[in-house]
Amino acid sequence: MSTKAIVCRCEDVTLADIQHTLEIGYRTVEEVKRYTGLGTGPCEGKECMAQAARLCLMALRTDGPDKNDAVVEPFTSRPPVQPAPLGIFARGDEEP
Amino acid sequence: MKPGHEIVPTQGAPRAECDVAIIGGGVMGLGIAYQLAKRGIKKVVVLERGYLAQGASGRNGGGVRMQWSTEQNVRLMQESIELCAGFAQEIGVNIWFRQGGYLFLAKHEKERALMERNVELQNRCGVPTRMMAPEEAGALVPELDISKIVCACYNPKDGVLFPWPFLWGYAHQALKRGVEVHLFTNVSAIERDGSGFVLTTTKGRVRAERVINAAGAWSPEVARLVGVELPNHPHRHEILSTEPLKPFLKPMVSVLSSGLYFSQSMRGEIVTGITVDDDAKGVQLGSRLKFLTTLAKEMVSLVPRFADLKILRQWAGPYDVSPDGHPILGEPPGVPGFFLACGFVGHGFMMAPIISKLYAEWLAGGAKHEVFERCRLSRFAEGKMEKESMILG
């Protein structure tokens, strides 16, 4: 696959950007997010996070046989589920 | 990040012996590590429990201001902002530093006296803060409903920055000078060993002549490892980011009575938070609807046009709250060689540039700045506290 392939469409993060992050030695989705900005746009990682996790896992597997059972966690999901205007919350109650 | 400026964290076990072990790889710990290395103390080991920017250093709004209510804080922040302005040059990383000023708003007549007193103090220190009538504040930020405010004050030299590259910059420069930065490395025990300490970590043991506790909201746990009880406690502070807008908002705007603050980042997002009570104990990073509704009500009342502005995400960071709003520094009684750099009450990020520099100067054999004496742990037992009133959140 071309390294110019876009993984995160919201923030224009390419496959090459992620590969670079992995080459440095990072192996968690939280770190990939912070290093590239992946998953910080309007979709909040709904499109790109699984790809980032898969790339982290593949990198871990090449680190050595002891990493074969490694688990990659998703990054923390941030509310709201979809972008929502402040006005809705200004009319709302403090608890659901 | 420019090629060649990557942060490659240290792999494998920490070195067997070091001069200084720093617990906490946030802005304070990494800042001190960099400043020590710069002064020739290179056998430094930073031990971070998570990833870089996992704690409050990666979760704050990036505000830096000189508008404080005590002379010590005003003067320290003048120097800190000067260091922020020179950061890109010195460290080689763009931190998106933008001096658009801080505009504080008073909604109640009774807040005017405090504001005037603070402005007078800041002017005496050479900070160009000035009082503003509501109309003048409205000229600076036309989106404000100025019928809600009675007066304002503005310092054009305050600003905002992006916290993540700030951390990376310190980490990169520290690593380049031989400092070890260990991520995902927890410290589970600290034992006395002659004049120094032996630390047990998830990656092995390391002997350190001196130890610095820069663990932020987790610092009471770390202090307990050497038998020291700290009076600070964690407090959840929530914050949110909106969809990006074309740049239009010059200053960071903050409301004294509610603790609401909002600024526009260089990516165009509005980054905003507000004071919300929290009864939960310990470090809590969950998001609450109560925060969204509290913030939205105050924000939409003050800036009606923001009713249509979409929230992208909310998150939380842990404040490290000290009883008087001032940090806790220096060596606690009875544990020489163990140094505290905690209790910054949500303002550790903006104070880190100057505090880390002063700390390194002192530990490298230079002068001990008066802030270390003033902010000693024993002030609480002695009852010598000066309350800081300009705490937000």
Hey, B:GLY268 at positive phi, in contact with a Pro (Cβ under 9 Å, 6 or more places away or on another chain) and within 14 Å of chain A (Cβ to nearest Cβ) or not: yes
Residue selected from the stretch B:198-234 under the condition more than 23 Å from B:ARG59 (Cβ to Cβ) and small (Gly, Ala, Ser), by the criterion least open to solvent (accessible area, probe 1.4 Å): B:ALA208
Any chance A:ARG78 is under 30 Å from B:PRO304 (Cβ atoms), surrounded by 16 or more Cβ atoms within 10 Å (Cβ to Cβ), modelled with pLDDT under 95 and facing chain B (nearest Cβ under 9 Å): yes
Residues being open to solvent by less than 20 Å² (accessible area, probe 1.4 Å) and not in a helix (DSSP H, G or I) - total across the stretch B:359-391: 3
Filter result for A:GLU44 (among the charged types (D, E, K, R) and part of a loop (DSSP other than H, G, I, E, B)): yes
B:PRO336 being assigned to a loop (DSSP other than H, G, I, E, B), out of contact with any strand residue (DSSP E or B) (no Cβ under 7 Å at 6 or more places or on another chain) and either under 24 Å from B:PHE162 (Cα atoms) or more than 14 Å from every other protein chain (Cβ to nearest Cβ) (or both): yes
Single condition B:PRO304 does not satisfy, out of (1) within 14 Å of another protein chain (Cβ to nearest Cβ); (2) over 23 Å from A:PRO79 (Cβ atoms); (3) surrounded by 22 or more Cβ atoms within 10 Å (Cβ to Cβ): (3)
Where A:LEU60 falls short, out of the listed (1) open to solvent by less than 50 Å² (accessible area, probe 1.4 Å); (2) part of a helix (DSSP H, G or I); (3) under 30 Å from B:GLU238 (Cβ atoms): (3)
Conditions (1) basic (Lys, Arg); (2) in contact (Cβ under 8 Å) with a residue 24 or more places away in the chain; (3) farther than 23 Å from B:VAL181 by Cα; (4) within 14 Å of another protein chain (Cβ to nearest Cβ): number failed by A:LYS46: (2)
Criterion violated by B:LYS246 - all others in (1) facing chain A (nearest Cβ under 9 Å); (2) open to solvent by 60 Å² or more (accessible area, probe 1.4 Å); (3) of a type outside the set (Gly, Ala, Ser) satisfied: (1)
Among (1) closer than 29 Å to B:ALA137 by Cα; (2) under 21 Å from the mean Cα position of the chain (by Cα); (3) open to solvent by 10 Å² or more (accessible area, probe 1.4 Å), the one test that B:ILE274 misses: (3)
Number of the exception - A:ASP66 against (1) of a type in the set (D, E, K, R); (2) surrounded by 13 or more Cβ atoms within 10 Å (Cβ to Cβ); (3) more than 8 Å from chain B (Cβ to nearest Cβ): (2)
In the stretch B:19-59, residue farthest from the chain's Cα centre (by Cα) [restricted to those that are buried (at least 24 other Cβ atoms within 10 Å of the Cβ) and part of a loop (DSSP other than H, G, I, E, B)]: B:GLU48
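The values are calculated or read from the model by the stated rules, or taken from the named source; none is laboratory data. Since the model is a prediction, treat every value here as computed from it, not as a measurement. Virtual Cβ from ideal backbone geometry, glycine too; neighbours counted across all protein chains shown. The protein model used for the area step is the full one, side chains on, heavy atoms only, and it has no ligands, DNA or RNA in it. Shrake-Rupley method; radii C 1.70, N 1.55, O 1.52, S 1.80 Å.
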